[in-house]
Amino acid sequence: MSGMIDIHTHYVPKGWPDLTEDGGSEAPWLRVETESDAMIMMGTREFRRIRADCWDATHRVRDMDADGVHTQVVSPTPAFFNYGRSGEQGARIARIFNDLALEIVAPEADRLIPFCQVPLQDTDAACRELERSLSNGHRGVEIGNHVGDSDLDSEGVVTFLQHCASLDVPVFVHPWDMASSPRLDRWMAQWLTAMPAETHLSILALILGGVFDRIDSRLKIGFAHGGGSFAFWLGRMENAWHGRNDVIGTSDFPPSHYIGRFYVDSVVFDERALRLLIDTVGVDRVMVGSDYPYPLGERPVGEVVRKSEFLDDAARQLIVRGNAERFLGL
């Protein structure tokens with residue numbers, strides 16, 4: 001497959017101004033070790049080892065060519081959202097990273113589509129930063145799936161999403177700041193269990209929180225990692241809505257009614273999971289994503305879509321390009 005659009009990739013700049021004033025002792029910084037290797041630090045704590053493919057457009061495009069990807073959406077690394085800071089601090093941090101993102105994609109502007117980040121903890125500041133970023137060249141926005149204890153059905157987030165709908169701006173939701181406990185400290189369990197659950201919970205918030213009932217249907221919103229565990233548990237949600245509507249009856253309709261209101265990426269790594277995902281949300285709502293360049297991503301990009309025998313050519317073309325074109329307004 002050639003000409004794919006990869007909807008889910010991340011960047012990290014090769015350094016940024018000191019954020020200690022804004023982020024305290026846990027402020028992120030980059031410990032550059034060689035020309036091609038670095039460590040993301042959170043204060044004195046090592047967070048993630050990265051390579052030049054995070055910031056080098058030439059390296060990135062070389063990998064895209066090897067995998068048959070024509071276009072990447074390049075989004076922030078969620079560790080830099082900083083929703084726990086004040087709105088003013090968050091806005092400053094968002095400006096720094098958004099401007100650096102434009103520098104990263106500039107050498108390959110015809111193939112790399114930048115998505116900005118916003119200080120989602122401050123709705124007015126988030127809307128201002130979105131508009132500033134769009135005027136500077138960003139084409140969409142990536143947000144985290146919650147702000148503290150507030151999910152996507154909180155009034156501030158709904159107002160921001162409505163603003164995105166009014167501007168016809170695509171929104172990509174990525175889980176972050178997962179639940180933590182000693183039981184999740186082994187085997188990367190936060191990433192293997194908590195991360196899919198976070199995304200499921202946020203789709204639940206849009207549905208059962210009544211957001212889809214009152215927000216503009218023009219909103220284009222997509223979720224990372226195949227929508228988390230949503231597809232597997234839609235039946236359980238449906239049963240609960242009918243059986244205990246007195247408890248979860250906030251939405252006007254049962255959960256299945258809202259299929260078609262959101263997109264998901266294809267990063268599920270298994271043909272059986274991809275089939276369930278497509279059967280659940282529809283072949284017109286799944287887009288190729290890779291989570292490039294991180295180790296838990298899919299390489300070669302689109303491998304499961306490429307090898308899934310249940311897909312015909314028309315369905316495969318929708319997933320590798322057509323759906324993303326509609327999502328991105330290309």
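Every number here is computed from the coordinates shown, using simple stated rules; none is lab data. No experiment lies behind these values; they were computed from the predicted model shown. We place every Cβ from the backbone using ideal geometry, glycine too, and count neighbours over all the protein chains shown.
Residues ARG62, ARG92, ranked from the fewest to the most other C-beta atoms within 10 Å, line up as ARG62, ARG92. Per-residue ellipticity at 222 nm, computed for the chain from helices alone with -39500 (n - 2.57) per DSSP H run of at least four residues, works out to -11000 deg cm²/dmol.
Would you mind classifying the stretch 177-238 by shape? Square roots of the alpha carbon gyration tensor eigenvalues, ordered a ≥ b ≥ c; an a/c under 1.5 is rounded, otherwise it is prolate if a/b is larger than b/c and oblate if not. Cα axes put the stretch 177-238 in the prolate bin.
Converting phi to 3J(HN,Hα) with the Karplus coefficients 6.51, -1.76 and 1.60 and the offset θ = phi - 60°, the stretch 155-171 yields 4, x, 5, 4, 4, 5, 4, 5, 5, 4, 4, 5, 8, 6, 9, x, 10 Hz in sequence order, with x at every glycine or proline.
Exposure proxy ranking for TRP233, TRP191, based on other Cβ atoms within 10 angstrom of each Cβ and starting from the fewest, stands as TRP191, TRP233. Packing here is the average count of other Cβ atoms within 10 Å per residue, and on that basis the peptides 170-178, 288-296, 322-330, 114-122, highest first, run 114-122, 170-178, 288-296, 322-330. How high is the relative contact order of the stretch 119-237, given as a whole-number percent (alpha carbon pairs under 8 Å, six or more residues apart)? It comes to 29 percent, rounded to a whole number. The Cβ shell under 13 Å around ASP252 holds other residues with a net charge of +1, Lys and Arg each +1, Asp and Glu each -1. Summing +1 for each Lys or Arg and -1 for each Asp or Glu among the other residues whose beta-carbon sits under 12 angstrom from that of ALA179 gives -3.
Just to check, using Stokes-Einstein with a Kirkwood Rh over alpha carbon pairs, what's the diffusion coefficient of the stretch 75-196 at 4 °C and 1.567 mPa s in µm²/s?
Values: Rh = 15.0 Å.
Using the Kirkwood radius from Cα pairs, D works out to 86 µm²/s.
Build a GNM of the chain with springs between Cα atoms under 10 Å apart, and of ARG306, ARG95, ARG111 the one that fluctuates most is ARG306.
Electrostatic bookkeeping for ALA66 treats Lys and Arg as +1 and Asp and Glu as -1; over the other residues with beta carbon under 14 Å from its beta carbon, the sum is -2. In terms of surrounding Cβ atoms within a 10 Å radius of their Cβ, PHE97, PHE310, PHE223 rank from fewest to most as PHE310, PHE97, PHE223. Residues whose amide H comes within less than 5 Å of that of PHE47, counting only those at least five positions distant or on another chain, are ILE40, MET41, MET42 (H built at 1.01 Å from N in the peptide plane).
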